[in-house]
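For reference, the structure is listed below as structure tokens.
The values are calculated or read from the model by the stated rules, or taken from the named source; none is laboratory data. Quick caveat, the model's predicted, so the values are computed rather than measured. Note that we place each Cβ from the backbone using ideal geometry, even for glycine, and neighbour counts take in every protein chain shown. Each accessible area value is taken on the protein alone, full model and side chains, heavy atoms only, with ligands, DNA and RNA left out. Shrake-Rupley method; radii C 1.70, N 1.55, O 1.52, S 1.80 Å.
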Amino acid sequence: MTTLHFSGFPRVGAFRELKFAQEKYWRKEISEQELLAVAKDLREKNWKHQAAANADFVAAGDFTFYDHILDLQVATGAIPARFGFDSQNLSLEQFFQLARGNKDQFAIEMTKWFDTNYHYLVPEFHADTEFKANAKHYVQQLQEAQALGLKAKPTIVGPLTFLWVGKEKGAVEFDRLSLLPKLLPVYVEILTALVEAGAEWIQIDEPALTVDLPKEWVEAYKDVYATLSKVSAKILLSTYFGSVAEHAALLKSLPVDGLHIDLVRAPEQLDEFADYDKVLSAGVIDGRNIWRANLNKVLETVEPLQAKLGDRLWISSSCSLLHTPFDLSVEEKLKANKPDLYSWLAFTLQKTQELRVLKAALNEGRDSVAEELAASQAAADSRANSSEIHRADVAKRLADLPANADQRKSPFADRIKAQQAWLNLPLLPTTNIGSFPQTTEIRQARAAFKKGELSAADYEAAMKKEIALVVEEQEKLDLDVLVHGEAERNDMVEYFGELLSGFAFTQYGWVQSYGSRCVKPPIIFGDVSRPEAMTVAWSTYAQSLTKRPMKGMLTGPVTILQWSFVRNDIPRSTVCKQIALALNDEVLDLEKAGIKVIQIDEPAIREGLPLKRADWDAYLNWAGESFRLSSTGCEDSTQIHTHMCYSEFNDILPAIAAMDADVITIETSRSDMELLTAFGEFKYPNDIGPGVYDIHSPRVPTEAEVEHLLRKAIEVVPVERLWVNPDCGLKTRGWKETLEQLQVMMNVTHKLRAELAK
């Protein structure tokens with residue numbers, strides 16, 4: 001009989017219950033016990049949904065109050081020593097301080113989890129880091145599931161992936177792999193505690209195997225799993241996000257009891273593992289996208305596997321379902337307005353049922369689920385033959401692009417002279433990244449407008465009032481290049497998707513980005529174009545309120561692509577270029593309207609990189625071309641900015657430079673300007689604005705901290721090329737701390753300008 005298991009579930013709840021409870025707790029509106037009760041209820045609901053899909057094993061240990069890698073830092077005693085906390089007796093309040101910072105310490109750095117849109121908290125490893133086991137997080141969740149009468153499989157990220165996703169810190173140079181001998185006994189303690197709590201199988205996730213690991217890291221897997229295999233539980237070694245075919249011989253030799261491979265992202269790797277002589281878990285339902293599977297086609301893959309493997313075949317999603325929205329059935333508007341599209345989709349709960357059907361078909365025959373298989377096939381046929389998807393005019397525009405269509409008219413050296421001639425900016429020009437606080441009043445007005453409770457005229461007046469406030473406050477602070485604050489925008493991707501053709505939206509399709517931050521990605525289901533102007537009216541209104549230059553704010557094509565659920569019937573590169581040309585229409589309209597500083601945000605450039613370096617060049621070529629296409633045709637005097645955050649760019653700096661933005665702003669404060677050093681060594685040719693304070697915390701930095709960062713920036717970047725700005729947009733902050741933080745930034749800037757003037 002084929003076994004069905006789960007690796008992980010969305011944590012935030014069907015209606016973001018965890019988010020709202022967390023934020024109430026942070027505001028001291030509910031107690032810790034009330035927050036714990038909400039979390040326990042959500043875990044139980046998740047397990048019952050898995051059980052309803054006839055799962056043989058539900059996932060335990062995947063639920064977190066903020067991030068599963070932060071949980072692992074606590075479990076291994078690897079929390080940053082700079083906080084002074086005891087990992088063995090960490091309070092919930094201290095746990096949140098690790099993630100959000102406090103008055104004395106900045107928060108742990110965040111970056112993207114492999115090539116997903118989820119952020120994890122980066123472990124800080126020092127040469128003298130000591131580890132200490134604390135299995136409470138995993139044991140408690142295992143026991144809770146068992147108390148419901150369920151068979152649970154704890155899931156924990158493996159030691160090599162844990163080390164791989166961390167960073168070396170401190171003055172002493174060392175290789176974090178050297179910490180493995182100290183870390184491994186702690187893993188043994190954690191796994192032993194799980195065995196003692198009744199775990200039969202333990203899933204150990206090693207997605208690091210899908211990247212280009214150095215040889216010594218690959219070799220380390222032998223000793224690691226030789227050691228972990230001595231624990232008296234069965235180990236399922238889980239890989240996902242890409243192919244591990246090149247490690248097939250190694251994986252087959254490891255003394256584990258089973259192996260999970262991702263057959264959605266890398267179906268071709270099955271050939272290397274079809275003869276695996278232990279449990280083989282086939283990840284056949286997409287854990288990262290929302291398209292309904294063609295179950296008949298999936299069965300064509302797994303039925304031969306079952307014939308070979310028999311009881312050794314397990315099935316699951318490709319990876320944790322953390323990356324998908326919770327439940328399609330609540331999307332009543334989508335079902336009413338786009339019934340065909342609705343029939344092509346599957347969210348987390350629907351994916352659990354797809355797995356249930358597959359299990360039944362394998363164990364009881366296709367006839368036992370004939371109705372479900374027929375519905376799956378009908379949906380696949382409907383999508384393949386739909387006239388809603390393809391548009392001849394969009395395809396023709398892309399096909400007819402002239403040679404060098406993505407190139408600016410003149411090189412940067414000429415453009416910057418034309419721009420400075422009218423901008424006339426001082427040394428260390430200051431700006432904001434884009435958004436300002438999304439207050440309760442803004443959200444209430446937007447919600448009332450969407451419900452029809454507020455007229456279009458009243459909504460516009462409310463947003464203009466907010467824009468006027470943002471402009472006024474920036475002028476008081478004496479910023480040089482202003483932003484309008486994006487009051488009218490619900491989300492930097494969703495806002496544009498709602499105004500572009502080829503996109504569809506959900507009401508409750510939330511996925512976790514980090515902590516309590518959730519996003520509702522658009523669905524790109526068809527060819528993309530821009531029916532009408534999207535931002536021009538808002539930007540020109542903001543410009544009418546000030547004589548200082550106003551930045552137009554757009555989200556770039558790669559980021560819109562990366563932060564959406566993307567159609568999978570044509571290449572992603574084609575979709576990206578379609579988006580770029582739609583944005584180019586907007587850029588040229590902004591320019592005509594007198595908005596001649598335009599920011600095209602691309603925070604997702606790095607996360608779009610394929611996990612294998614051999615595939616990087618092809619991606620970077622079409623990603624860079626797409627960015628450049630979005631500003632094609634601009635005059636030299638129009639200054640194009642871009643913004644990037646949460647990423648390491650050291651190894652792709654030539655590609656970043658080739659994007660040829662006039663000004664790039666980057667997130668650097670949490671890493672103490674570490675990233676900027678790489679830009680300096682590379683001699684990045686255009687203007688650059690390193691973030692001088694962390695916007696993800698309400699903490700107001702001291703002037704000394706900001707001055708320290710800005711002086712480091714001056715050491716590595718020519719001062720005439722240096723801008724000053726926060727790390728990122730200010731959407732998630734309150735007004736009080738925002739103004740205090742910006743005032744600190746401006747005080748330091750004025751001080752250093754005075755020094756430079758001498």
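Return yes or no: is THR632 in contact with a strand residue (DSSP E or B) (Cβ under 8 Å, 6 or more places away or on another chain), among the β-branched types (Val, Ile, Thr), assigned to a loop (DSSP other than H, G, I, E, B) and modelled with pLDDT under 95? Please lay out each step first, then the result.
Details: in contact with a strand residue (DSSP E or B) (Cβ under 8 Å, 6 or more places away or on another chain): no; among the β-branched types (Val, Ile, Thr): yes; assigned to a loop (DSSP other than H, G, I, E, B): yes; modelled with pLDDT under 95: yes.
So THR632 fails the test.
Would a scan of segment 697-709 turn up a residue that is small (Gly, Ala, Ser), at negative phi and surrounded by fewer than 16 Cβ atoms within 10 Å (Cβ to Cβ)?
Initially, segment 697-709 is screened for residues small (Gly, Ala, Ser), giving 697, 704.
Filter again for at negative phi, leaving 697, 704.
Subset that is surrounded by fewer than 16 Cβ atoms within 10 Å (Cβ to Cβ): 704.
Yes, some residue in segment 697-709 is small (Gly, Ala, Ser), at negative phi and surrounded by fewer than 16 Cβ atoms within 10 Å (Cβ to Cβ).
Check segment 73-89 and report whether any residue there is under 30 Å from VAL357 (Cβ atoms), open to solvent by 20 Å² or more (accessible area, probe 1.4 Å) and either in contact (Cβ under 8 Å) with a residue 24 or more places away in the chain or not in a helix (DSSP H, G or I) (or both). Explain how you work it out, then say what you get.
Narrowing segment 73-89 to residues under 30 Å from VAL357 (Cβ atoms): none.
Checking segment 73-89: not a single residue is under 30 Å from VAL357 (Cβ atoms), open to solvent by 20 Å² or more (accessible area, probe 1.4 Å) and either in contact (Cβ under 8 Å) with a residue 24 or more places away in the chain or not in a helix (DSSP H, G or I) (or both).
Summed over segment 372-387, residues that are more than 17 Å from VAL298 (Cα to Cα) and open to solvent by 60 Å² or more (accessible area, probe 1.4 Å) total 2. Listed residues ALA99, ALA14, ALA81, ALA59; which is of a type in the set (A, V, I, L, M), farther than 29 Å from TRP201 by Cβ and within 24 Å of the chain's Cα centre (by Cα)? Every option except ALA99 fails the conditions.
Residues that are among the hydroxyl-bearing types (Ser, Thr, Tyr) and over 19 Å from the mean Cα position of the chain (by Cα) number at least 1 in the following strands (runs of 3 or more DSSP E) confined to segment 461-568: 501-504, 523-529. The residue list ALA604, ALA655 contains one member that is of a type in the set (Gly, Ala, Ser), in a helix (DSSP H, G or I) and either within 18 Å of the chain's Cα centre (by Cα) or under 30 Å from ALA107 (Cβ atoms) (or both), which is ALA655. Looking across segment 587-601, the residues that are open to solvent by 30 Å² or more (accessible area, probe 1.4 Å) and not in a helix (DSSP H, G or I) come down to ALA593, GLY594, LYS596.
When segment 328-348 is filtered for residues that are open to solvent by 30 Å² or more (accessible area, probe 1.4 Å) and either of a type in the set (D, E, K, R) or more than 14 Å from PHE565 (Cβ to Cβ) (or both), the ones remaining, listed by number, are SER329, VAL330, GLU332, LYS333, LYS335, ALA336, ASN337, LYS338, PRO339, ASP340, SER343.
Only one residue in GLU130, GLU144 is surrounded by fewer than 19 Cβ atoms within 10 Å (Cβ to Cβ) and under 17 Å from LEU183 (Cβ atoms), so which one is that? Break it down stepwise before answering.
On the way: GLU144 fails: under 17 Å from LEU183 (Cβ atoms).
GLU130 is the lone residue from the list that is surrounded by fewer than 19 Cβ atoms within 10 Å (Cβ to Cβ) and under 17 Å from LEU183 (Cβ atoms).
ASP589 meets each of the listed conditions (1) under 15 Å from the mean Cα position of the chain (by Cα); (2) modelled with pLDDT of 95 or more apart from (1). Among the residues of segment 716-758, those identified as among the acidic types (Asp, Glu), part of a helix (DSSP H, G or I) and either open to solvent by less than 70 Å² (accessible area, probe 1.4 Å) or in contact (Cβ under 8 Å) with a residue 24 or more places away in the chain (or both) are GLU720, GLU737, GLU740. If the condition is being buried (at least 21 other Cβ atoms within 10 Å of the Cβ) and more than 26 Å from the chain's Cα centre (by Cα), then segment 282-298 contributes LEU295, VAL298. Residues in segment 669-690 that are of a type in the set (Val, Ile, Thr) and modelled with pLDDT of 85 or more: ILE688 alone. Remark: pairs (first residue in segment 460-477, more than 17 Å from THR540 (Cβ to Cβ); second residue at pLDDT below 95 and assigned to a helix (DSSP H, G or I); Cβ separation under 7 Å; 6+ apart in sequence or on different chains) = ALA462/ALA445.
Does segment 681-703 contain any residue that is part of a helix (DSSP H, G or I) and under 19 Å from ALA107 (Cβ atoms)? Taking every residue of segment 681-703 in turn, none turns out to be part of a helix (DSSP H, G or I) and under 19 Å from ALA107 (Cβ atoms).
Residues in segment 442-460 that are of a type outside the set (Ser, Thr, Tyr) and open to solvent by less than 60 Å² (accessible area, probe 1.4 Å) were compared, and the one that is farthest from LEU730 (Cα to Cα) is LEU454. Say whether the condition of being in contact with an Asp or Glu (Cβ under 7 Å, 6 or more places away or on another chain), open to solvent by 10 Å² or more (accessible area, probe 1.4 Å) and among the β-branched types (Val, Ile, Thr) is met by at least one residue in segment 539-555. Looking for residues that are in contact with an Asp or Glu (Cβ under 7 Å, 6 or more places away or on another chain), open to solvent by 10 Å² or more (accessible area, probe 1.4 Å) and among the β-branched types (Val, Ile, Thr), one finds at least one in segment 539-555, hence yes.
Within segment 231-310, which helices (runs of 4 or more DSSP H) (wholly inside it) include 1 or more residues that are farther than 20 Å from ILE204 by Cα? Step through it out loud before you land on a result.
Details: elements: 248-253, 270-273, 295-309.
So the answer is 270-273, 295-309.
Given the structure, is LYS351 modelled with pLDDT of 95 or more, open to solvent by 80 Å² or more (accessible area, probe 1.4 Å) and within 30 Å of the chain's Cα centre (by Cα)? No; evaluated as a whole, the condition is false for this residue.
Cβ-Cβ contacts under 7 Å between residues 6 or more apart (or on different chains), taken from a first residue in segment 409-422 that is in a helix (DSSP H, G or I) to a second residue that is among the hydroxyl-bearing types (Ser, Thr, Tyr) and modelled with pLDDT of 95 or more, are listed as ALA418/SER637; GLN419/SER637; TRP422/SER637.
Scan segment 27-52 for residues that are touching a Phe, Trp or Tyr at 6+ places or on another chain (Cβ under 8 Å), closer than 17 Å to GLY515 by Cβ and open to solvent by 60 Å² or more (accessible area, probe 1.4 Å) and the total you get is 1.
Might you check whether a residue that is in a helix (DSSP H, G or I) and under 22 Å from TYR120 (Cβ atoms) occurs anywhere in segment 659-668? No.
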